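Laboratory data are not the source of any read-out in this text; all were calculated from the coordinates shown. Not measured: the values here are computed from a predicted model. Here the Cβ is made from the backbone with ideal geometry for all residues, glycine too, and neighbour counts use every protein chain on show.
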């Protein structure tokens, strides 16, 4: 019964269905049908739909931490200079690959009843990892959380999730849209890094 390929297929199918129907609107039997596995196999691997989302989120966070760990001890000035290249070569591909999961995390995080939105967990993990590698005395963890969440995470995730519908609705070529977003992102999030030591 334990088929590792089936587990991954269940996870990938769950992302697709959660993104299409929302987490609340999805059912285990839909995931089983779409993944072409018996419902019992899903329960063999996961206790519940909540655990599936938790595993997906944990996998996302771990992969993201692997990306940021590649540049330990980087200064704000270096981060500001690296934004365009890093966005193009690292974060864009990572975000594109995870666009459906980002949709699910955004929707889940927007619920008023959430005390600990998923996106807060992502930014917390990122800042904790970064603070391990930062030797500066003036590291203000609250400021970093706010800067990353409101000038980087939210704009970036919205960009990735809305790109297709935005370009169709506003009749703009994707290359032009990407270029303009990067310009604005660099001027906002990049400015934060440029103004800090």
Worksheet item: When 110, 53, 41 are ordered from fewest to most other Cβ atoms inside 10 Å of their Cβ, what list results?
Response: 110, 41, 53
Worksheet item: Hey, what number do you get for the chain at 222 nm if only DSSP H runs of n ≥ 4 count, each worth -39500 (n - 2.57), divided across all residues, to the nearest 500?
Response: -22500 deg cm²/dmol
Worksheet item: What is region 1-46 by shape, rounded, prolate or oblate, if you read a ≥ b ≥ c off the alpha carbon gyration tensor as root eigenvalues and call it rounded for a/c under 1.5, prolate for a/b larger than b/c, and oblate otherwise?
Response: prolate
Worksheet entry | Top of 69, 19, 116 by mean-square fluctuation, Gaussian network on the chain, Cα under 10 Å | 116
Worksheet entry | Per-q log10 I(q)/I(0), region 113-194, q = 0.13, 0.25 Å⁻¹ (Debye; single scatterer per alpha-carbon; no solvent) | -0.53, -1.19
Practice prompt. Could you check which residue among 23, 181, 170 shows the biggest mean-square fluctuation in a GNM of the chain with a 10 Å Cα cutoff?
Written response: 170
Worksheet, complete the sentence: Dimensionless Rg/Rh of the chain, both radii on Cα and Rh by Kirkwood, sits at 1.01
Worksheet, complete the sentence: Note to self: C-alpha centroids of region 37-68 and region 6-26 sit apart, in Å, by 10
